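The values are calculated or read from the model by the stated rules, or taken from the named source; none is laboratory data. A quick note: this is a predicted structure, and the numbers were derived from the prediction, not measured. We place every Cβ from the backbone using ideal geometry, glycine too, and count neighbours over all the protein chains shown.
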Amino acid sequence: MRSWIAAVLVGLLSCAGPGTRISRENPRLENLKRAAQYPWIDEGNCAVREAAGEWRTLVEHCYFALDLSRIRFQDIEHQCPVAQADVATVEAVVGMCLLVQPELVVGAIIVIGVVVVASAITAELAKEQAIARVPVATKPCWCTCLGPADPNWNPKDPNHANRFAQWQAHPAECRAECKNRAFSASQCT
């Protein structure tokens, strides 16, 4: 059944237009902002994982991670014609079709209740926005972890007590790497 739905969706999405991406400065950030408008049952992990690609791909891969019980799709302008199929399939096809549209018609997607932005999406949005605010000259750095290493943190890891991480693309990534390895602070030079 799921493979049949996938086949129908691929055919349907191919007629949704040549592309859904408008020329943007940071497509990952735009996709994360768009995903933040919807309720997710997986805390937004799928949306974060797929955010670097096209919005259409994110919708295709993460549609079933949406909290569909809180979303109503209304194809007001009949942009998503569907051949004869069962009700569940029609709703999935129309829902995906409407979600991939570059500009939504008002009232096409109705979210019931208040949307609390999923935790994974919130974290990634903060990271992306912090990176966007940092001048280009300060992005890459040699990361050194500071403070005592947590003796209980994964002692089988060969990098357990290694204070020198590696070149990081951004100081925020250095902090995250050192925190991940259970150090109390980091320094970017």
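Is one or more of the residues making up segment 59-66 at pLDDT 65 or above, out of contact with any helix residue (DSSP H, G or I) (no Cβ under 8 Å at 6 or more places or on another chain) and assigned to a helix (DSSP H, G or I)? Yes, segment 59-66 contains at least one residue that is at pLDDT 65 or above, out of contact with any helix residue (DSSP H, G or I) (no Cβ under 8 Å at 6 or more places or on another chain) and assigned to a helix (DSSP H, G or I).
May I ask you to verify whether Ala108 is surrounded by 18 or more Cβ atoms within 10 Å (Cβ to Cβ), at pLDDT below 80 and either hydroxyl-bearing (Ser, Thr, Tyr) or in contact with an Asp or Glu (Cβ under 9 Å, 6 or more places away or on another chain) (or both)? The answer is yes for Ala108.
Only one of the numbered conditions (1) in contact with a Pro (Cβ under 8 Å, 6 or more places away or on another chain); (2) loosely packed, with under 15 Cβ neighbours inside 10 Å; (3) at pLDDT 65 or above is not met by Cys188, and that is (2).
Being part of a loop (DSSP other than H, G, I, E, B), in contact with an Asp or Glu (Cβ under 9 Å, 6 or more places away or on another chain) and either modelled with pLDDT under 90 or crowded, with 17+ Cβ neighbours inside 10 Å (or both) is the filter here, so list the residues in segment 27-53 that pass it. Scanning segment 27-53 gives Tyr38, Pro39, Gly44, Ala51. Taken as a whole, the condition of being of a type in the set (A, V, I, L, M, F, W, C) and at pLDDT below 65 does not apply to Ala149.
Have a look at Val8, Val93 and point out the one that is at pLDDT below 75 and either over 24 Å from Gln129 (Cα atoms) or over 20 Å from the mean Cα position of the chain (by Cα) (or both).
Details: Val93 fails: at pLDDT below 75.
It is Val8.
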